[in-house]
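The values are calculated or read from the model by the stated rules, or taken from the named source; none is laboratory data. In this text, all values refer to a predicted model and were calculated from it rather than measured experimentally. When we count neighbours, we look across all protein chains shown, and the Cβ atoms used for this are built from the backbone with ideal geometry, even at glycine.
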Amino acid sequence: MQISRLNRGDGLRRAIFGLLCAGAALFLIFGPFFLSAYWLRILTQTFMFAVLAQAINIIAGYAGYPAFGNVVFFGLGAYATGVLVVKFNATFILSMMVGIGICLFFTLIFGLPVLRLRGHYFAIATLGLNEATKALTDNLTALTGGGMGLSLPLIPGDVETNSRFFYYMFLGTMALCLLVTHFLMRSRFGYAIRSIRSNERSAEGMGINTTRYKVLAWMVSAGFTSIAGSLYAYWMSHIEPAIVFDMAIAIKAFVMFLLGGAGTLLGPILGAFILETVSTFAWSHLLNYHLATLGVIIIIIVIFMPRGVVFFLQERFFLSSLVKKIREERTV
Amino acid sequence: MLFLQVLVNGLLSGGLYASVAIGFSVIWGVMNLINLAHGSMVILGAYITYYLNASTGIDPFLTIPVSGAVLFVFGYLVQKYLIGHVIEASVLMMLILTFGLDMFLMNMNLRMFTADIRSITPVYAGLGIQLGSLRIPYTRLGVFFFALTLTLALYLFMKHTKLGNAIKATSFDSDAAGLVGVNVRQVYALTFGIGSCLAGMAGSLISVMYSFSPIHGAGFAMKSFVVVLLGGLGSIPGAIAGGLILGLAENLASVFLEASYKDFISFVLLVAILVVRPRGIFGKQFYADLKA
């Protein structure tokens, strides 16, 4: 009785939450018509990081494999686009497809041995894969331009149209990533990888082909990261191994994903918006201390919301989820 | 003869890598905490030596206890009043926490010490032992000697003191250690203090051998990863072996291959070792590891 009354209150809160989401979506869709170029650029970058964070969420949040070096797919996507467009005059779409193909192949080849490792060991192995790929890209000068990098041809048209183009491309990719994650998690695949996270041995005992689903999850993650990398190469029109294979990108996306809430649909997106906003503020107001400010904010969030913002909000605004949590704790 | 010189150089820098990695290894092995702020702590130790040397002219090797003591207090307080308060968080959240700490420390290092690249040149910097065509500079020899002494001291401490045994017991099973009267929170704070102390002392050694600036910390943290995984998590002899192997591999690779392939080789080695033998050469499975 008590609980059903609590649930009724939740219905109203859910409606408010839905309205907020719709409002945010409308704001983002019509943003380019009233926002300044400065904020358009920041939002575009936020969308990019939201895609990277959601991609990490699929393999780390749902499947429980912390792919720390996921930035390798960002770099591979960027270089696939860069090399194909500059050296082979390919179209952007074709180069993006090839980039995705390379990343899927990469996960298939390295996923089988590396996904046998767990926890820290897996995280560091992926880091090693990224650093090795970065060093190789740096050395294959004839193909990749080495440390000097590659300059892509500039896109014709005026600056404003181009910035809107990339705004909508990244927004679209983020929306696609969100939709795909949403539907995947309701499918057989989603249940399989979440059962792997809870207990891999039991999942295997239930007849789930864990190796296949782990590799598949990493493939989905790699594919989206690669798309973001391809777009980034075209957006920045200059890429270098030290920039597109930078571990700082991976760590930032990882912080966003954990900040928002691991294994939740909206968590990584929320995390990306929070961290980008704070980091923009720190840059513009506290230039000399912007790293320290970000560091302190990360520390505060970990101490006060150790499970991420989404769980923190859920437990405060949706009483039923608090009740559920207490029940879970009792049964454990 | 070149080959012999390369071997000696590799061993000498390997000793330094071992001493940089050992604090990282102890904290990881005992507390299952990857301390991403390790690099910035090492650099802080290097700056303490630099400023003591610049202001009083004291020999850099004599400043080792000072940087060790300062970093011990820092590490102890950080664990006791910051990290120790996070109970509910997952292992990955802790990783992010130390990353935040690293950002904070790096920024503070930059503000306090500026981004200028510093180095120390003691009076005996150019001198060394000459054995035929083999040359060993005194500074590198001193660094190697102190690196091994520190590691040996830690090994004896862990093996023969009550506190060392308490730390080891906690690393195997923290609940059981608590049951037999070990104050686990206090042990964690002391372990983090000891790990930071070792980082600071390694920083003093680095300042004698290399030039450094606040951003160089990340490179040393990366090397610590490789050393710890090569040798085995939490293992002290393993850290020496891992350090020497990395030092040798790097120096040999830069002679026999193009120097630019050095990084590629060492990371391929890292992934290969992880896949073939995840516990490292001397690694045992720790309780902290089993919990993960």
(request) For region A:307-332, enumerate the residues that are out of contact with any helix residue (DSSP H, G or I) (no Cβ under 7 Å at 6 or more places or on another chain), within 12 Å of another protein chain (Cβ to nearest Cβ) and modelled with pLDDT under 75. (result) A:Glu329
(request) Evaluate region B:185-192: report whether one residue or more is free of Cβ contacts under 8 Å to residues at least 40 places away in the same chain and of a type in the set (Gly, Ala, Ser). (result) no
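The rows are residues; the columns are (1) within 25 Å of A:Gly82 (Cβ to Cβ); (2) surrounded by 21 or more Cβ atoms within 10 Å (Cβ to Cβ); (3) small (Gly, Ala, Ser).
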| residue | (1), (2), (3) |
| --- | --- |
| A:Met236 | yes, no, no |
| A:Phe245 | yes, yes, no |
| A:Leu275 | no, yes, no |
| A:Val278 | no, no, no |
(message) Looking at A:Leu127, A:Leu171, A:Leu104, can you tell me which residue is in a helix (DSSP H, G or I), of a type in the set (A, V, I, L, M), in contact (Cβ under 8 Å) with a residue 60 or more places away in the chain and within 14 Å of chain B (Cβ to nearest Cβ)?
(response) A:Leu127
(message) Which condition from (1) within 19 Å of the chain's Cα centre (by Cα); (2) under 22 Å from A:Asn139 (Cβ atoms) is the one that A:Gln45 breaks?
(response) (2)
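Restricting to region B:17-65, what's the tally of residues that are among the β-branched types (Val, Ile, Thr) and more than 24 Å from B:Ile167 (Cβ to Cβ)?
Filtering region B:17-65 down to residues among the β-branched types (Val, Ile, Thr) leaves B:20, B:22, B:26-27, B:30, B:34, B:42-43, B:48-49, B:56, B:58, B:63-64.
Going one step further and asking which of them are more than 24 Å from B:Ile167 (Cβ to Cβ), we end up with B:43, B:48-49, B:56, B:58, B:63.
Qualifying residue count for the region: 6.
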(message) Condition first: within 14 Å of chain B (Cβ to nearest Cβ) and in a helix (DSSP H, G or I). Now tell me which residues in region A:108-117 satisfy that.
(response) A:Ile109, A:Phe110, A:Gly111, A:Leu112, A:Pro113, A:Val114
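Collect the residues in region A:238-262 that are assigned to a loop (DSSP other than H, G, I, E, B) and more than 9 Å from chain B (Cβ to nearest Cβ), keeping them in residue-number order.
Going through region A:238-262, the residues assigned to a loop (DSSP other than H, G, I, E, B) turn out to be A:240, A:245-246, A:261-262.
The answer is A:Glu240, A:Phe245, A:Asp246, A:Gly261.
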(request) Keeping to region B:55-108, report how many residues are in contact (Cβ under 8 Å) with a residue 24 or more places away in the chain and touching a His at 6+ places or on another chain (Cβ under 9 Å). (result) 4
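Can you name every one of the helices (runs of 4 or more DSSP H) wholly within region B:137-197 that holds 1 or more residues which are surrounded by 20 or more Cβ atoms within 10 Å (Cβ to Cβ) and in contact with a strand residue (DSSP E or B) (Cβ under 9 Å, 6 or more places away or on another chain)? Walk me through how you get there before you give the answer.
Values: elements: B:138-160, B:162-172, B:174-179.
Once the helices (runs of 4 or more DSSP H) in region B:137-197 are filtered for at least 1 residues that are surrounded by 20 or more Cβ atoms within 10 Å (Cβ to Cβ) and in contact with a strand residue (DSSP E or B) (Cβ under 9 Å, 6 or more places away or on another chain), what remains is B:138-160.
Restricting to region A:294-306, give me the number of residues that are more than 7 Å from every other protein chain (Cβ to nearest Cβ) and either hydroxyl-bearing (Ser, Thr, Tyr) or not in a helix (DSSP H, G or I) (or both). Write out each step before concluding.
Applying the first criterion (more than 7 Å from every other protein chain (Cβ to nearest Cβ)) to region A:294-306 yields A:297, A:300-301, A:304-305.
Going one step further and asking which of them are either hydroxyl-bearing (Ser, Thr, Tyr) or not in a helix (DSSP H, G or I) (or both), we end up with A:305.
Adding up the residues that qualify gives 1.
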(request) Tally the residues that are at pLDDT 85 or above and farther than 22 Å from A:Ile269 by Cβ, restricting the search to region A:1-33. (result) 0
(message) Among the numbered criteria (1) of a type outside the set (S, T, N, Q); (2) within 14 Å of another protein chain (Cβ to nearest Cβ); (3) surrounded by fewer than 16 Cβ atoms within 10 Å (Cβ to Cβ); (4) within 25 Å of A:Ser195 (Cα to Cα), which one does A:Gly147 miss?
(response) (4)
(message) Tell me the residue from B:Met103, B:Met94, B:Met108, B:Met112 that is surrounded by fewer than 17 Cβ atoms within 10 Å (Cβ to Cβ), under 20 Å from B:Ser196 (Cα atoms) and out of contact with any Lys or Arg (no Cβ under 8 Å at 6 or more places or on another chain), please.
(response) B:Met112
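Inside region B:37-134, counting only helices (runs of 4 or more DSSP H) that do not spill past its ends, which hold 2 or more residues that are hydroxyl-bearing (Ser, Thr, Tyr)?
Numbers: elements: B:38-56, B:64-81, B:91-113.
Fully inside region B:37-134 and qualifying: B:38-56, B:64-81.
Given A:Ala22, A:Ala63, A:Ala90, which one is closer than 24 Å to A:Ala272 by Cβ and surrounded by 12 or more Cβ atoms within 10 Å (Cβ to Cβ)?
Sole residue among the options that is closer than 24 Å to A:Ala272 by Cβ and surrounded by 12 or more Cβ atoms within 10 Å (Cβ to Cβ): A:Ala63.
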(request) May I ask you to list the residues in region A:38-64 that are hydrophobic (A, V, I, L, M, F, W, C) and without any contact (Cβ under 8 Å) to a residue 40 or more places away in the chain? (result) A:Trp39
(message) Would you confirm, using the coordinates I've provided, whether A:Thr133 is within 11 Å of another protein chain (Cβ to nearest Cβ), among the hydroxyl-bearing types (Ser, Thr, Tyr) and within 30 Å of B:Leu230 (Cβ to Cβ)?
(response) yes
(message) Being within 12 Å of another protein chain (Cβ to nearest Cβ), closer than 23 Å to B:Asn32 by Cα, of a type in the set (Phe, Trp, Tyr) and part of a helix (DSSP H, G or I): is that true of B:Phe225 here?
(response) yes
(message) Is it the case, given these coordinates, that A:Gly99 is part of a helix (DSSP H, G or I), of a type outside the set (A, V, I, L, M), in contact (Cβ under 8 Å) with a residue 60 or more places away in the chain and in contact with a strand residue (DSSP E or B) (Cβ under 7 Å, 6 or more places away or on another chain)?
(response) no
